[in-house]
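Have a look at the structure below, then the notes.
The values are calculated or read from the model by the stated rules, or taken from the named source; none is laboratory data. Keep in mind that this is a model prediction, so the values were computed, not measured. Please note: Cβ atoms are built from the backbone with ideal geometry, for glycine as well, and neighbour counts cover all protein chains shown. To get the accessible areas, we keep the full protein, side chains included, count just its heavy atoms, and leave off ligands, DNA and RNA. Shrake-Rupley method; radii C 1.70, N 1.55, O 1.52, S 1.80 Å.
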Amino acid sequence: MPPLLSAHQLSKHFGHGHTLVKAVDNISLEVESGQIVLIMGPSGSGKTTLLSMLGGLLQPDTGSILFAGDDLCQMSEAKRIQFRARQVGFVFQSFNLLDALSVEENILFPASLSPGTRHAKRQRAETLMQALGISARRRALPRTLSGGEKQRVAIARALINQPPLLLADEPTGNLDSQSGQEVMMILHDIARDQNCAVIVVTHDPRVEEIADRIFWLEDGTLRVRRSEQHHWARDPVCGMRVDAWTAVHRAQAEDQEFVFCSANCRQRFLADPSRYSASG
């Protein structure tokens, strides 16, 4: 069975000459229904640019994006608007709720762009509110909600049109630890129970717990991060948690490799390895 979403050799560059930035540089990616795909990377690495292209919000300079066999890059703007309204749900870090609308009204707002009766849409909203634990807050305005409640409303709004693809940009970025964990499990259940493809862009390493596949995006290039390659380590100098697969600063001591969060920590280690290697 072909993948739901297939991107081939995508590129998106900004600026010219010495100001040229290769936000996305010749990236290919496939995502299947029911999968949670995690895209990680440092700030400014092109994660949001890539997500925007996959969701039909931004046209690539080169490449193709096939969704259920249709090429988004060849669609007219009118068809891309329909695609975004009916086939994709967007979840943003900043929630993007409409302040003047209640929880229920915010959830129903995108439904005006899709076919179906008003009654059926309200039933769908009710089902989502109950599933996400916010039915008691249906008449509340966004300013009265907690961060976790706002993100639940945003997720319900993204799902109101039953899209086969959900794109989440830093969905736990503005949440405390408990709320972030709850949102992660909601995304996990959406993928499994609704056979929805979920692509999450984040800095949050906790999301790795629910991901089927993990990619690392840096300098416009996407790499698969395999479980056998990836693990977290501690910088022996400062104790910071470091991604051992992507770490740049490394050193050998006593037949063991150490990774560091910065060149400064590496230099301190090399000045006296015996001081730190025992605790490494």
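Under 21 Å of direct C-alpha separation, and excluding same-chain neighbours fewer than eight residues apart, K47 reaches these lysines: K12, K22.
Computed extension length for S43-E218: 62.1 nm, one decimal, from 0.36 nm per residue of separation with the Cα-Cα distance subtracted.
FRET efficiency for the pair H203 and R122, taken as 1/(1 + (r/R0)^6) with r the Cβ-Cβ distance and R0 = 35 Å, rounds to 0.45. The accessible surface of region 44-142, taken with every protein chain in place and a 1.4 Å probe, is 53 percent carbon and sulfur.
Note on Cα extents along the principal axes in Å: of the candidates (i) 71, 44, 38; (ii) 60, 42, 37; (iii) 54, 43, 37, the value calculated from this structure sits at (i).
A P(r) calculated from all alpha carbon pairs of region 30-81, with 10 Å bins opening at zero, reads 21, 50, 27, 2 percent.
Backbone geometry of region 27-41 corresponds, through the Karplus equation with coefficients 6.51, -1.76 and 1.60 at θ = phi - 60°, to 3J(HN,Hα) couplings of 9, 10, 7, 10, 9, 9, 4, x, 9, 10, 10, 9, 10, 10, x Hz, x marking Gly and Pro. Accessible area per residue (1.4 Å probe, heavy atoms of protein chains only) ranks F92, F260 as F92, F260, with the largest value leading.
Working from label points 7 Å from Cα in the Cα-to-Cβ sense, the A263 to T144 distance is 5.5 nm. All Cα-Cα separations within region 108-243 were binned at 5 Å from zero, giving a P(r) of 2, 8, 17, 18, 19, 13, 9, 6, 5, 2, 1, 0, 0, each value a whole percent of the pairs. Converting the Cα gyration tensor eigenvalues of region 62-137 into ellipsoid dimensions via √(5λ) gives semi-axes, longest first, of 28, 15, 12 Å.
In this view, the solvent-accessible surface of R268, computed with a 1.4 Å probe and all protein chains in place, comes to about 110 Å².
Alpha-carbon geometry of region 17-155: the Rg and the Dmax are 17.7, 56 Å, given in that order.
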